[in-house]
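In what follows, a structure is listed as structure tokens, so that the remarks can point back to it.
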Amino acid sequence: MSELTKNVKPLDDFNWEEFENGSQVNISKEELDKAYDETLNKVSEHQVVEGTVVALDKKEVIVKIGYKSDGIIPASEFRYNPDLKVGDIVEVYVENQEDKKGQLILSHKKARLSKSWERINAALDNQEVIQGYIKCRTKGGMIVDVFGIEAFLPGSQIDVHPIRDYDQFVGKTMEFKVVKINQEFRNVVVSHKALIEAELEAQKKEIISKLEKGQVLEGTVKNITTYGVFVDLGGVDGLIHITDLSWGRVDDPHKVVELDQKINVVILDFDDEKKRIALGLKQLTPHPWDALDPNLKVGDHVKGKVVVIADYGAFVEIQPGVEGLIHVSEMSWSQHLRSAQEFLKVGDEVEAVILTLDRDERKMSLGIKQLKEDPWETIEVKYPVGSKHTAKVRNFTNFGVFVELEEGVDGLIHISDLSWTKKVKHPSEFTQVGADIDVVVLEIDKENRRLSLGHKQLEDNPWDVFETIYTVGSIHKGKIIESLEKGAVISLDKGVEGFATPKHLVKEDGTQAALGEELPFKVIEFNKDSKRIILSHSRTFEDAQRDEKKAAKKARSKKEKEETVKIDNQPAATTLGDIDVLAQLKEKLEKGE
């Protein structure tokens with residue numbers, strides 16, 4: 001007997017006659033379908049039921065719910081549960097009892113969603129540890145599938161250590177705790193870090209309780225910033241400030257340590273609650289000043305590299321951790337206010353002279369100008385009075401021009417020593433900053449390190465010649481080149497200038513001479529010492545008229561005298577005609593003619 005029929009027993013009330021005749025009068029197809037359906041579970045669409053996993057592979061999971069067919073669910077809906085196996089009871093949502101192919105359509109995801117919100121809230125209330133599947137990265141963290149709900153896992157809540165590669169967590173199933181729920185927007189925040197913090201907190205308290213200043217511990221470089229390095233001491237973080245990384249100057253902590261590097265550090269300080277721990281790395285090695293050559297002394301020459309530069313000076317490292325300051329005043333013999341950037345830049349290799357050395361204070365001052373001779377020690381030799389040189393204009397003042405003959409040797413050209421003839425109101429009219437100018441040394445002030453210089457002295461004094469040309473009373477052609485309130489400046493030959501007041505600018509027709517006019521001018525005053533020539537246009541025609549009047553008057557006076565003498569020589573006898581002549585002469589004299 002086969003295995004299929006050994007337990008088969010015929011029905012007592014089976015109508016064999018009707019069966020043989022091929023008719024079942026009392027049973028319809030509808031009744032048979034009804035009877036069959038009653039043997040199955042009552043399943044309604046859009047409801048959640050429990051089912052049993054009967055088969056699964058990488059793509060699909062087959063679930064039996066006691067219906068006439070089994071349902072197929074995508075395996076991706078079970079990613080949160082990598083331990084799923086045949087026989088497990090799972091909740092499913094009936095989407096469709098039969099599709100076009102007669103297939104029962106189920107969804108595990110929708111079944112989870114229908115109850116996931118209650119589960120999420122319960123997990124928060126009970127501080128329950130739940131599992132979730134990390135789906136992908138997002139801004140600031142990760143997206144985690146928890147009970148079918150997308151929860152947010154902040155980057156800071158993945159681990160107690162900073163995460164540098166978020167992608168390594170994508171696709172992983174991990175344990176989480178629900179830390180925050182926004183009921184209005186149904187946002188969920190989970191944390192993996194919270195699961196391990198309790199254990200770490202206990203470790204942290206134990207470490208902190210044993211901390212002592214000067215204690216040396218091993219740690220792991222956790223984070224590197226521009227101002228220092230954070231080190232994990234085993235659940236407790238400490239900071240090595242950038243100044244405590246090396247005895248030498250450090251511009252980038254990455255040049256000293258690397259992430260995840262194991263290093264020994266010394267505890268320098270911590271606050272009362274030991275939450276802020278200051279660590280040191282350089283303190284584990286001897287101070288470089290202690291290893292400095294004991295024979296090094298003031299006056300010795302040293303070589304080094306510029307590591308820091310400021311307006312007031314430059315710091316030069318002569319060996320790691322040992323630096324000296326070159327003040328800007330020790331960079332040049334010049335006394336001009338200048339910044340150190342004009343002489344040096346970071347990275348320059350320099351030679352310098354030790355000016356001061358204090359081993360106790362670990363300070364050293366250096367100088368580079370001392371490598372050259374002070375030009376003022378022998379100033380009279382190179383720049384004697386009367387010698388001629390070419391200087392460079394540095395800057396102006398209202399009273400003159402400051403020039404530099406060489407580095408450290410400055411001089412002043414007074415405004416009155418710029419030109420013999422031109423009246424210079426401001427030095428900027430004569431030259432410009434940066435230009436070369438020829439000079440003569442007039443005076444040496446060694447004590448104040450200043451030379452008095454002249455430019456006009458390169459030529460003979462033209463006023464010696466002008467004195468013979470522009471004599472008082474001489475008339476010269478001139479042009480009005482500048483009009484002022486008190487008069488006008490007149491340009492004459494030989495590049496010399498004169499001045500005329502308004503009353504001396506009146507022309508013969510009574511009008512005033514204008515700017516740009518060329519007219520004859522008479523010299524009415526010449527002063528060689530003050531280099532002043534006073535001119536007048538009016539005098540050129542007024543004096544001529546006056547001279548003509550004087551000459552006419554003189555001629556009349558002479559004629560009158562001759563007539564008087566003639567009368568005196570006449571005989572005493574007087575006629576009526578003589579009386580008339582005398583009367584006319586008297587009348588003329590009374591009129592002043």
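The values are calculated or read from the model by the stated rules, or taken from the named source; none is laboratory data. As the structure is a prediction and not an experimental result, all values here were calculated from the model. Positions of Cβ are generated from backbone atoms using ideal geometry, with glycine treated the same way; all protein chains shown enter the neighbour counts. For the accessible areas, the whole protein counts, side chains as well, though only heavy atoms, and no ligand, DNA or RNA atoms are used. Shrake-Rupley method; radii C 1.70, N 1.55, O 1.52, S 1.80 Å.
Worth pointing out:
- Database remark: amide H of Val308 closer than 5 angstrom to the amide H of Phe315 (H placed geometrically; neighbours at sequence offset of 5 or more, or on other chains; Pro and chain starts carry no H).
- Local electrostatic count at Val266 - Lys and Arg +1, Asp and Glu -1, tallied over other residues with Cβ under 10 Å: +1
- Hull-based mean projected area of the stretch 398-526, where the convex hull spans the alpha carbons, in square nanometres: 9.9 nm²
- Protection-proxy order for peptides 366-377, 509-520, each taking the mean of Cβ atoms within 10 Å per residue, highest first: 366-377, 509-520
- About the centre of its Cα atoms, the stretch 362-404 shows a dipole size close to 300 debye [charges on the beta carbon of Lys, Arg (+1) and Asp, Glu (-1) only; nearest 20 debye].
- The amide H of Asp88, built 1.01 Å from its N in the peptide plane, has Val53 as neighbours under 5 Å, considering only residues 5 or more places off or on other chains.
- Arg450 long-range amide H proximity, modeled H, under 5 Å: Asp445
- Members of Lys110/Lys172; Lys305/Lys392; Lys477/Lys503; Lys213/Lys282 lying beyond 24 Å, as alpha-carbon distances in this model show: Lys305/Lys392
- Residues in the stretch 497-512 carry Karplus couplings, in order, of 10, x, 9, 10, 7, x, 5, 8, 10, 6, 7, 5, 7, x, 7, 8 Hz; the curve used is 6.51 cos²θ - 1.76 cosθ + 1.60 with θ = phi - 60°, and Gly or Pro positions show x.
- Counting only Cβ charges, +1 for Lys and Arg and -1 for Asp and Glu, the dipole size of the stretch 158-242 around its Cα centre is about 180 debye.
- Listed residue (Val409, Trp333, Ile437) projecting farthest to the positive dipole end of the stretch 312-467, Cβ model: Ile437
- log₁₀ of I(q)/I(0) at q = 0.12, 0.17, 0.23, 0.24 Å⁻¹ - the stretch 186-291, Debye sum with one point per alpha carbon: -0.46, -0.81, -1.25, -1.32
- Pairwise centroid distance, computed over Cα atoms, of the stretch 254-273 with the stretch 355-426, Å: 53 Å
- The simple Förster model, with R0 at 41 Å and r as the Cβ-Cβ distance, assigns Ala544 and Glu443 a FRET efficiency of 0.25.
- Label sites at Asp167 and Lys425, each approximated as a point 7 angstrom past Cα along Cα to Cβ, lie 7.5 nm apart.
- From phi via Karplus (6.51, -1.76, 1.60), per-residue ³J(HN,Hα) for the stretch 306-322 in Hz, x at Gly/Pro: 5, 10, 9, 9, 9, 4, 7, x, 10, 9, 10, 8, 8, 7, x, x, 10
- Once both labels are positioned 7 Å from their Cα atoms along Cα-to-Cβ, the gap between Asp293 and Val86 label points is 8.7 nm.
- When nucleic acids and ligands are ignored and a 1.4 Å probe is applied, Glu60 ends up with an accessible area of around 80 Å².
- Under Karplus coefficients 6.51, -1.76 and 1.60, residue-wise ³J(HN,Hα) of the stretch 288-296 in Hz, glycine/proline x: x, 5, 5, 9, 5, 3, x, 8, 5
- Between Ala488, Phe526, Leu505, the Cα set farthest toward the positive side of the dipole of the stretch 470-546 (charges on each charged residue's Cβ, about the Cα centre) is that of Phe526.
- Checked against a 24 Å cut-off, the cross-linked pairs Lys494/Lys531; Lys507/Lys554; Lys115/Lys139 give Cα-Cα distances beyond that limit for Lys507/Lys554; Lys115/Lys139.
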